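**Student:** The structure under discussion is supplied below as structure tokens; questions concerning it will follow.
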Amino acid sequence: MNKVVVITGAARGIGRAIALDLASHGYDIVINYLTSETEALTLQQQISEEHGARCLAIRADVSKQDEVTAMFSRIREQLGGVDILINNAAVDLPNLFYLKTAEEFRRVLDVNVVGAYNCAVAAHESMKEKGWGRIVNIASTNGINTYYPMCFDYDASKAALISLTHDLAYQYAPLVNVNAIAPGFIGTESELEGYDEQFLRQEQEKIMVGRYGRPEEVAYLVRFLISDEADYINNTVIRVDGGQYGSC
């Protein structure tokens, strides 16, 4: 039986790349989404037809514990539980610092941090029963570097996700390995939209390899971290940023 992977925020961008890569390597996939229903259902069909994997697309707001509980109950009923969790769902609400609101701040933290916590708790029940599990949190170099104040809520959420990674690794050891990946500037549509060409050129100059990353390059690392070959890698944060330096 193939291992079952839950990927939150999987309909687009990095999450989609992870789903396609893992499906092509023999994993069964759960696509979690909130608003991108058309993209999620299209991806589900593509995975089923091209890779023959079992695949579910489930709408759930990961920041809401009851919706997460319902999602994992459905996964248990239809796929027999969860082996691997990829916490990828995230929101970013950039705005000028003095125009930020507490409501926006709370929403970013609720999805990016509380959402990851909710899913990790729900997934752990299956992993504990199976005696094995993997959790990979998709953080960001924003949680490590110094960035513009317009992103302070997103930056804070990714720093908190890195901290949560360490706490979960300690709590779930020795059966479940928990690691984080910190992507830099990945050239997805959502990553590049809204910026002018001069800004994007300046940011690219801060990347030692001289280009933006591809979503697939994050997916390759995810695949390694959930494999048996990475069994001795736990409680760590790995940057995927092309040698990025400086702030955003």
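The values are calculated or read from the model by the stated rules, or taken from the named source; none is laboratory data. All figures in this text were calculated on a predicted structure; none of them were measured in a lab. Cβ atoms come from the backbone with ideal geometry, glycine included; neighbour counts cover every protein chain shown.
**Student:** Any idea how many residues of the range 205-240 are assigned to a strand (DSSP E or B), of a type in the set (A, V, I, L, M) and at pLDDT below 95?
**Tutor:** 1
**Student:** May I pose another question? When Ala116 is evaluated against the numbered criteria (1) in contact with a strand residue (DSSP E or B) (Cβ under 9 Å, 6 or more places away or on another chain); (2) part of a loop (DSSP other than H, G, I, E, B), which criterion, by number, is the only one it fails?
**Tutor:** (2)
**Student:** Mind telling me which of the residues Ala53, Ala60 ends up being aliphatic (A, V, I, L, M) and either under 17 Å from the mean Cα position of the chain (by Cα) or under 17 Å from Ala120 (Cα atoms) (or both)?
**Tutor:** The match here is Ala60.
Yes/no per residue for (1) in contact with a Cys (Cβ under 6 Å, 6 or more places away or on another chain); (2) surrounded by 15 or more Cβ atoms within 10 Å (Cβ to Cβ); (3) hydroxyl-bearing (Ser, Thr, Tyr); (4) outside any loop (DSSP other than H, G, I, E, B):
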| residue | (1), (2), (3), (4) |
| --- | --- |
| Asn32 | no, yes, no, yes |
| Ala40 | no, yes, no, yes |
| Leu43 | no, yes, no, yes |
| Ile47 | yes, yes, no, yes |
| Glu50 | no, no, no, yes |
| Asp61 | no, yes, no, no |
| Glu67 | no, yes, no, yes |
| Leu93 | no, yes, no, no |
| Tyr98 | no, no, yes, yes |
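**Student:** Got a sec? Which of Asp83, Asp28, Asp110, Asp92 is within 22 Å of Ser140 (Cα to Cα) and touching a helix residue (DSSP H, G or I) at 6+ places or on another chain (Cβ under 8 Å)?
**Tutor:** After ruling out the rest, the residue left standing is Asp92.
**Student:** To continue, here is another question. Of the residues that make up the range 168-182, is at least one assigned to a strand (DSSP E or B), farther than 21 Å from His124 by Cβ and either modelled with pLDDT of 95 or more or touching a Cys at 6+ places or on another chain (Cβ under 8 Å) (or both)?
**Tutor:** Filtering the range 168-182 down to residues assigned to a strand (DSSP E or B) leaves 176-182.
Those left that are additionally farther than 21 Å from His124 by Cβ: 182.
Right, trim to either modelled with pLDDT of 95 or more or touching a Cys at 6+ places or on another chain (Cβ under 8 Å) (or both) and you get 182.
Within the range 168-182, one or more residues are assigned to a strand (DSSP E or B), farther than 21 Å from His124 by Cβ and either modelled with pLDDT of 95 or more or touching a Cys at 6+ places or on another chain (Cβ under 8 Å) (or both).
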